[in-house]
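*Asks:* Here you go, one structure.
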Amino acid sequence: MAGLIQNIALFGENIPWFQGLREKGLEAFKHQGVPTAKTEAWKYTKPRDLNADDFVMNESNFLLELAEEKAECHCQEEGCHCHCHEGECHCHDEGCHCHEELNVLVDLPFEAYQLHFYNGQFVPIYPPLPRGAEVMTLMEAVLNQEAKNYLGKLVDLANYPFAALNTAYMEEGLFIRLDKNTKLDKPIIIVNHSETGEQNLFYNLRNVVVLEAGAEAEIIEWHKYSGAEKSRYFANIVNEIFVARGAKLKHYKLQNEAFKANHLALNMVNVKESGKYEAFCLQRGANIGRNETKVILAEEQAEAEVNAAYIMHGWATLDTTTDIEHLAENTISHQLVKGVVGGDAKGVFQGKIHIAKHAVKTEGTQLHKALLLTDTAEIDVKPELEIFADDVKCSHGAASGELDEETLFYMQSRGIGREEAKQILIDAYLDDAVNKIADSEVRDWFKEMIKA
C-alpha cells in the first residue's frame, strides 16, 4: 500500500473544499488499503500487482512545453492569422494544421470531437463544440467552482478503495457539461494514450459528465497503448455521470491496455426521471482490467442499458462488475455481458440488481455468457438479485461453453483455416452484445477492434 501513497505537490491545495475532499479520500484509502482475496467485492480478481511499491506518479509538465513549442501555424492558405496558445487553435481560416505537430489526433472511421490524454496528462487541444456544450479540465472546473456541486457526490469513499485513492490524487481529468436540451451532432471521444517507457507509471483520471434536462450526447473512451507490449503501468479512472430528466447519454468504452498494465475504472451514474444511460465496454488487454459500473435509477421511468464484451488470452484477469439500483417505480435496466477466454486467463462477472421497497412495476434483466477456448481458462460469475418490492419483473442467468468442434471441422472442410474459422465463430458469438451499440458507425468500429 505504501507504494501507492506518495508525497507529491498537487495543484489546488489552496482550495479548502477541494483539498478537504482529497484528504477524505486519502483517509478512506488508508483505512481500507488494497483489497485482498478476503475482500468480498474482489475475491475473484486478486490484486496481485496493485500493492507494488515501484509505481511512480507522472509529474512531468512536458505536454504544456511541447504544445507551446510546436503549436505553430501550418496553414495552407496565405494570409491566415492563426493564434495558437497551449496547443489551442483559434484560427479563422480553413486548412490550418496547428495541432498536427502534437501527434495525438487519431484516424477514425466516423466524425468525432477528439480529446486526448498522454500518460495520464491532458493534451491541451480543444475541439470546437456546438453552443450549449462545454469541456474544460477538471482543475479549471474546480477553480471556477463549476465542479463543486458534482465532484465527489456519487462516490462512496468507504466502499471503493481505489476511487478513494483516485480522490486523494485528483488533478487530471475533464469536466463535460451539456446545457438543457443540447444535442451533440457527433460523439466526443476521449483517447487515453499510454507509452510509459522504462518507468512504471501510476496515474489517476477523474472525469465529471453533466447532462442537463433533455440533453443528448455520445461519449467514447479509448484506452490505447502504443509503447512496448509488456509496458507496466497502473491507470486508475473514476467517472461521475449525472443524467438529468429526459436526458440521454450513450457511453462506450474500448479498453486495450498493454500486456502487463493494470486498469481499474469506476463509473458512478445517477439517472433522473425519464433519463437514459446506455453503456457498452469492450475489454481486450491488461494484466488486471476491471470495469465497474454503478447506476442509480433515482426517479420514475429512468432507464439503464449496461452491456459489455471481453476477449483475452495469456494470464490476464478481466473483470466486469455492475450494480444497478432501482430506487423508484417504473424503472428499467438490462445487462448483457459476453466473454471469450483463452490461455490461462480469467474472466469475472459480478452483477447486482437491487430493487428498493417502493420500486414497483420495475423491470431488471441480467445475462452473462462466456466461451472457453482452453482447458486452463477460467470464468467466475456472481449474479445477484435483491428484491424488496412486489409487482416487479426480474431475471438473471449465466452460462459457459466451448467452441463447437463439429462446426470448426465443417468450416475447415470448406477450405477455411482453423484459426480463421475460430475467429469467425468468436465474432459471431460476441455479435449480439456488440450489436447493443446504437450508433452503427461506432458499432462497426468496435467489431473491427475485436479482430485487431
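*Asks:* How many residues does segment 362-402 contain that are open to solvent by 40 Å² or more (accessible area, probe 1.4 Å) and either on the phi > 0 side of the Ramachandran plot or touching a helix residue (DSSP H, G or I) at 6+ places or on another chain (Cβ under 7 Å) (or both)?
*Replies:* Number of matching residues: 1.
*Asks:* Identify, please: which residue in segment 347-371 is more than 22 Å from residue 405 (Cα to Cα) and basic (Lys, Arg) and is, among those, nearest to the chain's Cα centre (by Cα)?
*Replies:* It comes out as 352.
*Asks:* For segment 206-226, indicate whether the set of residues that are out of contact with any strand residue (DSSP E or B) (no Cβ under 6 Å at 6 or more places or on another chain) and of a type in the set (A, V, I, L, M) is non-empty.
*Replies:* Within segment 206-226, one or more residues are out of contact with any strand residue (DSSP E or B) (no Cβ under 6 Å at 6 or more places or on another chain) and of a type in the set (A, V, I, L, M).
*Asks:* Let me ask you something else. Exactly one of (1) touching a Ser or Thr at 6+ places or on another chain (Cβ under 8 Å); (2) modelled with pLDDT of 95 or more; (3) surrounded by 15 or more Cβ atoms within 10 Å (Cβ to Cβ); (4) not hydroxyl-bearing (Ser, Thr, Tyr) is unmet by residue 121. Its number?
*Replies:* With (1) touching a Ser or Thr at 6+ places or on another chain (Cβ under 8 Å); (2) modelled with pLDDT of 95 or more; (3) surrounded by 15 or more Cβ atoms within 10 Å (Cβ to Cβ); (4) not hydroxyl-bearing (Ser, Thr, Tyr) applied to residue 121, the lone miss is (2).
*Asks:* If you don't mind, there's one more thing I want to ask. Output the number of the condition that residue 162 fails; it satisfies all remaining conditions of (1) closer than 30 Å to residue 246 by Cα; (2) under 19 Å from the mean Cα position of the chain (by Cα).
*Replies:* All conditions pass for residue 162, except number (1).
*Asks:* Name the single residue that is farthest from residue 146 (Cα to Cα) among those in segment 174-200 being over 19 Å from the mean Cα position of the chain (by Cα) and at pLDDT below 95. Full working, then the answer.
*Replies:* Step one: of segment 174-200, the residues over 19 Å from the mean Cα position of the chain (by Cα) are 178-185, 196-200.
When the remaining residues are screened for being at pLDDT below 95, the result is 196-200.
Working: 196: 32, 197: 36, 198: 38, 199: 35, 200: 33 Å.
The qualifying residue farthest from residue 146 (Cα to Cα) is 198.
*Asks:* Determine whether residue 259 is within 19 Å of residue 183 (Cα to Cα), under 19 Å from the mean Cα position of the chain (by Cα), aromatic (Phe, Trp, Tyr) and open to solvent by 10 Å² or more (accessible area, probe 1.4 Å).
*Replies:* It is false that residue 259 is within 19 Å of residue 183 (Cα to Cα), under 19 Å from the mean Cα position of the chain (by Cα), aromatic (Phe, Trp, Tyr) and open to solvent by 10 Å² or more (accessible area, probe 1.4 Å).
*Asks:* Collect the residues in segment 386-414 that are in a strand (DSSP E or B) and of a type outside the set (S, T, N, Q), keeping them in residue-number order.
*Replies:* Step one: of segment 386-414, the residues in a strand (DSSP E or B) are 386-387, 393-402.
Residues satisfying the conditions are 386, 387, 393, 394, 396, 397, 398, 399, 401, 402.
*Asks:* Here is a further query. Those residues that are among the charged types (D, E, K, R) and open to solvent by 10 Å² or more (accessible area, probe 1.4 Å), I need them from segment 206-220; list them, please. Even if it seems obvious, please write down each step before you answer.
*Replies:* In the first step, residues of segment 206-220 are kept if they are among the charged types (D, E, K, R); the result is 206, 212, 216, 218.
Matches in segment 206-220: 212, 216, 218.
*Asks:* Within segment 424-452, take every residue that is open to solvent by 70 Å² or more (accessible area, probe 1.4 Å) and aliphatic (A, V, I, L, M) and give me the one that is modelled with the lowest pLDDT.
*Replies:* Only one residue tops the list, namely 452.
*Asks:* Search segment 35-63 for residues being β-branched (Val, Ile, Thr), over 21 Å from the mean Cα position of the chain (by Cα) and open to solvent by less than 60 Å² (accessible area, probe 1.4 Å), and hand back the single one that is modelled with the highest pLDDT.
*Replies:* If we filter segment 35-63 for residues that are β-branched (Val, Ile, Thr), which is where we start, we get 36, 39, 45, 56.
Subset that is over 21 Å from the mean Cα position of the chain (by Cα): 36, 39, 56.
So of that shortlist, the ones also open to solvent by less than 60 Å² (accessible area, probe 1.4 Å) come out as 39, 56.
Numbers: 39: 90, 56: 85.
Once the filter is applied, the top-ranked residue is 39.
*Asks:* Let me ask something else. When you scan segment 403-423, how many residues do you find that are loosely packed, with under 15 Cβ neighbours inside 10 Å and either charged (D, E, K, R) or out of contact with any Lys or Arg (no Cβ under 7 Å at 6 or more places or on another chain) (or both)?
*Replies:* Of all residues in segment 403-423, those loosely packed, with under 15 Cβ neighbours inside 10 Å come to 404-407, 409-410, 412-415, 417-420, 423.
Among the residues that remain, those that are also either charged (D, E, K, R) or out of contact with any Lys or Arg (no Cβ under 7 Å at 6 or more places or on another chain) (or both) are: 404-407, 409-410, 413-415, 417-420.
Looking only at that region, the number is 13.
*Asks:* Continuing with the same structure: For segment 124-153, give me each residue that is open to solvent by less than 40 Å² (accessible area, probe 1.4 Å) and touching a Lys or Arg at 6+ places or on another chain (Cβ under 7 Å).
*Replies:* Hit for segment 124-153 is 138, nothing else.
*Asks:* Quick one: how many residues across segment 197-242 are outside any strand (DSSP E or B) and within 26 Å of residue 48 (Cβ to Cβ)?
*Replies:* Restricting attention to segment 197-242, the residues satisfying the condition of being outside any strand (DSSP E or B) are 197-200, 212-215, 226-233.
Remaining after also requiring within 26 Å of residue 48 (Cβ to Cβ): 197-200, 226-233.
Matching residues across segment 197-242 total 12.
*Asks:* Continuing with this model, one more query. With the requirement that a residue be open to solvent by 10 Å² or more (accessible area, probe 1.4 Å) and among the acidic types (Asp, Glu), what does segment 222-241 give you?
*Replies:* Matches in segment 222-241: 229 only.
*Asks:* Which of (1) farther than 24 Å from residue 214 by Cα; (2) open to solvent by less than 50 Å² (accessible area, probe 1.4 Å) is the odd one out, the single condition residue 105 does not satisfy?
*Replies:* Result: residue 105 fails condition (2) only.
*Asks:* Considering only residues that are closer than 21 Å to residue 57 by Cβ, polar (S, T, N, Q) and touching a strand residue (DSSP E or B) at 6+ places or on another chain (Cβ under 7 Å), look in segment 177-205 and name the one that is surrounded by the fewest Cβ atoms within 10 Å (Cβ to Cβ).
*Replies:* 199
The values are calculated or read from the model by the stated rules, or taken from the named source; none is laboratory data. Everything quoted here is computed from the prediction, not taken from an experiment. We place every Cβ from the backbone using ideal geometry, glycine too, and count neighbours over all the protein chains shown. Side chains are part of the model used for accessible areas, which takes the heavy atoms of the whole protein and leaves out ligands, DNA and RNA. Shrake-Rupley method; radii C 1.70, N 1.55, O 1.52, S 1.80 Å.
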